[in-house]
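S.K.: Structure incoming, see below.
The values are calculated or read from the model by the stated rules, or taken from the named source; none is laboratory data. These figures come from a predicted structure and were not determined experimentally. In this analysis, Cβ positions are derived from the backbone assuming ideal geometry, glycine residues included, and neighbour counts consider all displayed protein chains. Quick note on the areas: whole protein, heavy atoms, side chains included, nothing else; ligands and nucleic acids left out. Shrake-Rupley method; radii C 1.70, N 1.55, O 1.52, S 1.80 Å.
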Amino acid sequence: TYAVGVVSQFMTAHRQPHFVAVCRILQYLKRAPGQGLLYRPSSSLSVTGFSDADWVGNTNDRRSTSGYCTFVGGNLVTWRSKKQTVVARFSAEADYRAMAHTASEVLWVQSLLQDFGVSISTPMRMFCDNQAAIFIANNHVFHKRTKHIEIDCHFIRDLLLRKQLVTLYVRSEDQLGDVLTKPLARPSFHCLFVKLGMFYLYALTGGRVLE
């Protein structure tokens with residue numbers, strides 16, 4: 001998702017390096033025909049979201065990339081990688097904007113479950129690896145450095161006050177959103193790959209394709 005988002009930014013002015021990157025994406029997909037999501041039954045349908053941002057990760061325009069993934073009952077249901085529309089002046093701002101996007105997504109998931117007749121009694125959980133962004137969400141006094149992101153502050157704070165959402169800290173190495181915001185080394189990528197619930201289908205058949 002992250003790689004496709006990057007190359008998509010050069011569709012109108014692509015060059016040879018972009019074509020090489022697209023070929024690498026296609027090679028990855030060709031080598032992994034049996035990879036997919038395995039959904040397991042769960043006694044709890046709690047909604048959980050992981051929010052992350054790569055501050056000024058784009059060296060061309062210095063904009064940050066937001067990434068989130070949401071789980072229902074421990075199973076991955078939605079994910080997204082998107083470059084932010086404004087330049088964040090500090091890392092907490094980039095992560096806070098990503099938190100606002102994640103909060104909107106978990107609200108949509110909750111609304112969808114309600115349409116299916118499933119009621120969520122416990123607060124939804126949102127994990128972030130930026131403690132400053134979490135502090136901004138729970139602080140009732142606006143700091144002068146956050147006045148330009150006040151709309152997002154009010155949106156998340158209202159959810160916290162209504163106890164629909166709780167914000168929790170997660171270590172950077174356990175941040176599942178990392179895979180959606182930046183290129184990762186192979187070991188880190190595969191570690192998060194497994195934690196997201198990805199599964200190699202053909203492992204059950206010794207490499208043979210299921211009929």
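S.K.: Quick one: how many Å² of Ile120 are accessible to a 1.4 Å probe, rounded to 10?
M.R.: It works out to around 30 Å².
S.K.: Sort Cys128, Cys23 by accessible area with a 1.4 Å probe, largest first.
M.R.: Accessible-area ranking of Cys128, Cys23, largest first: Cys23, Cys128.
S.K.: Separate question: Leaving out ligands and nucleic acids, note down the accessible area per residue over the chain with a 1.4 angstrom probe, in whole Å².
M.R.: That works out to 61 Å² for each residue.
S.K.: For the pair Leu37 and Glu150, what calculated FRET efficiency results from E = 1/(1 + (r/R0)^6), where r is the Cβ-Cβ distance and R0 = 35 Å, to the nearest 0.05?
M.R.: My answer for the efficiency is 0.40.
S.K.: Further, regarding this structure: For q = 0.08, 0.13, 0.15, 0.18 Å⁻¹, what log10 I(q)/I(0) does the chain give under the Debye formula with an equal point scatterer on each alpha carbon and no solvent?
M.R.: Normalising to I(0) and taking log10 leaves -0.32, -0.81, -1.03, -1.32.
S.K.: Mind ranking 14-21, 72-79, 41-48 by how tightly packed they are, going by the mean number of other C-beta atoms within 10 angstrom, highest first?
M.R.: Output ranking for 14-21, 72-79, 41-48: 72-79, 41-48, 14-21.
S.K.: Only helices at least 18 Å long along their axis, Cα-based, and averaging 0.0 or more on Kyte-Doolittle count here, so list those DSSP H runs from the chain.
M.R.: Helices meeting the span and hydropathy rule in the chain are 16-30.
S.K.: By how many nm would the segment from Asn75 to Thr122 lengthen if fully extended, with 0.36 nm per residue of separation less the alpha-carbon distance?
M.R.: 15.2 nm
S.K.: For the range 10-102, what does the alpha-carbon gyration tensor say about shape, rounded, prolate or oblate, given a ≥ b ≥ c as the root eigenvalues, a/c under 1.5 as rounded, and a/b over b/c as prolate?
M.R.: Oblate, because a/c is 1.5 or more while a/b does not exceed b/c.
S.K.: If I take R0 = 22 Å and measure r between the Cβ atoms of Trp108 and Val166 in this structure, what FRET efficiency does the formula 1/(1 + (r/R0)^6) give, to the nearest 0.05?
M.R.: Efficiency for this residue pair is about 0.80.
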